Structure formats: structure tokens, C-alpha cells
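Peer 1: Got a structure here, written out as C-alpha cells. Questions coming.
The values are calculated or read from the model by the stated rules, or taken from the named source; none is laboratory data. Treat the numbers as computed from the prediction; the structure is a model and nothing was measured. Note that we place each Cβ from the backbone using ideal geometry, even for glycine, and neighbour counts take in every protein chain shown.
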Ligand SMILES: Cc1cc2nc3c(=O)[nH]c(=O)nc-3n(C[C@H](O)[C@H](O)[C@H](O)COP(=O)(O)O)c2cc1C
């Protein structure tokens, strides 16, 4: 067995896709802040039916007021080429800059929600806040973050991410955070679900993958040949 270390928990820097969250109404009501963008490092998908997503906003951050006020947000999936813009939105505050303008993003009104989605992102999930969970620190003071559960009410995707009208995640590359300030893209495919078949020996499995996937181009072809039903475009 590998030697193991154990320690108390500090911060959740585990590899996870990074998403851009737009919040605030496209056309703000009197007294409301204009639309803004911030970054979420750990996006959760706790339920398929009803379709839910979770985000964890820091209580009191500039965007927090807009999230609570409007009760809606959009999860925008950035492509790898958007890494600098992602960094900018996650390190600057809407209190001081217009992130839409600074990043050259095009706001497009949601189909269901009043919050704009980022047209340049290949996939966008329109969400309505379903529940908010608050937490307490050990000393009883409010937790740093809250959990916001959003119900997905509409999905948008660039045509190139669809096969026969179905959104194919293998065709949507995005940005992952593997540690603070280190961004990665998705690695090569390492297997295909062969449920219920006997376990392949590691070398056989490796040979199989080698044979099937030589590049992303091959992968796209395989996906085109075997589309997996996810989100059907209407
Ligand atoms: C990779 C990355 C992940 C982040 N994840 C979160 C998060 O999950 N929750 C959060 O409150 N802030 C997170 N942040 C920080 C906010 O995006 C950042 O504080 C942002 O500037 C807030 O914008 P605002 O002041 O306009 O509200 C993250 C930043 C980066 C760069």
C-alpha cells in the first residue's frame, strides 16, 4: 500500500471545471446594480430531475446582492481560450469595473431569466435560485460561503457542440483549476463505459484506448457515431 499522510482540511482546491456566473438583470430595475460576472471554482450537479446546479457565493461579495435580489443566474462554460478573461472576472470586482466591457463579452438576454448570458461561451445554463443553504463556522459565526441551488430552466449551446441536436460534453473543452492559479484543459479520453463487461487488464484497456482514440478528431468522430443523449436542443 502507498504510504499515506493525513491532515486537517484547509481549502477545497481540487481539480474542477471553472465557470463564469452572470448575475443581475440585463435591464436593471430602479435601484438595482447592472449585470455582472464572477467565477465559480466548484460547480455541483446534485440532481438531474429536477435539473439542479449548485454554486457557492461568498456572502457579502458584490455579486451576492444581485444573486439574492434577482434570484436568477446563468452558468457560462468558458472555452480554454478564455482563460485570461476568466482570471479577470475572478479577481476584479463589479464594484469597480464593468467586466462585460473589459472582457469584450456580448450580453444576450436569457430565454427565461432576465440575466444576460455570455454569447462567447459555448454552453450556458439559465438558472432560477431554488434554495439557499447557509453554514456556520465552528465558533458559530456565519460561514464564508453559502450554497445556492439553481434550477436549470433553459440551456444554450453553440451548434458545434451538438451532434444530432444533442449536447455532447466531449465536444466542449473548458478550463479546470488543478491548484491555486494553475489552469488546465481536459486531458485525453481514457476509456469508454463498458458496463457489465469483465474488467480489462490495464494493458489491454490501454491498448484499446490507443486503438480507438488517437486524437481529439478521432474522438469527435466516435462521438458522432455514438451520440449520448444529454440535452436535446429545442
Ligand atoms: C478560479 C476561481 C474560482 C473562484 N471560485 C469562487 C467561488 O466558488 N465562490 C466565490 O464566492 N468566489 C469565487 N471566486 C472569486 C470570485 O469570482 C471573485 O471574488 C470575484 O472577483 C467576485 O466578483 P464581484 O466582486 O464582482 O462579485 C473564484 C475566483 C477564481 C479565479
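Peer 1: Just name the residue that is farthest from residue 124 (Cα to Cα) out of those in region 1-19 that are at pLDDT below 85 and in contact with a strand residue (DSSP E or B) (Cβ under 7 Å, 6 or more places away or on another chain).
Peer 2: 13
Peer 1: Scanning for something touching a residue at least 60 places away in the same chain (Cβ under 8 Å), in contact with a strand residue (DSSP E or B) (Cβ under 8 Å, 6 or more places away or on another chain) and more than 16 Å from the ligand (Cβ to nearest atom), does region 129-140 turn up at least one residue?
Peer 2: Among the residues of region 129-140, at least one is touching a residue at least 60 places away in the same chain (Cβ under 8 Å), in contact with a strand residue (DSSP E or B) (Cβ under 8 Å, 6 or more places away or on another chain) and more than 16 Å from the ligand (Cβ to nearest atom), which makes the answer yes.
Peer 1: Another one. Counting only residues that are more than 11 Å from the ligand (Cβ to nearest atom) and touching a strand residue (DSSP E or B) at 6+ places or on another chain (Cβ under 7 Å), which one in region 23-54 is nearest to residue 115 (Cα to Cα)?
Peer 2: 26
Peer 1: Right, next: Any idea which residue in region 74-96 is surrounded by the most Cβ atoms within 10 Å (Cβ to Cβ), counting only those that are near the ligand (Cβ under 8 Å from one of its atoms) and not in a loop (DSSP other than H, G, I, E, B)?
Peer 2: 89
Peer 1: Give me the residue from region 45-71 that is assigned to a strand (DSSP E or B) and touching a residue at least 60 places away in the same chain (Cβ under 8 Å) and, out of that set, surrounded by the fewest Cβ atoms within 10 Å (Cβ to Cβ).
Peer 2: Per the stated criteria, the residue is 46.
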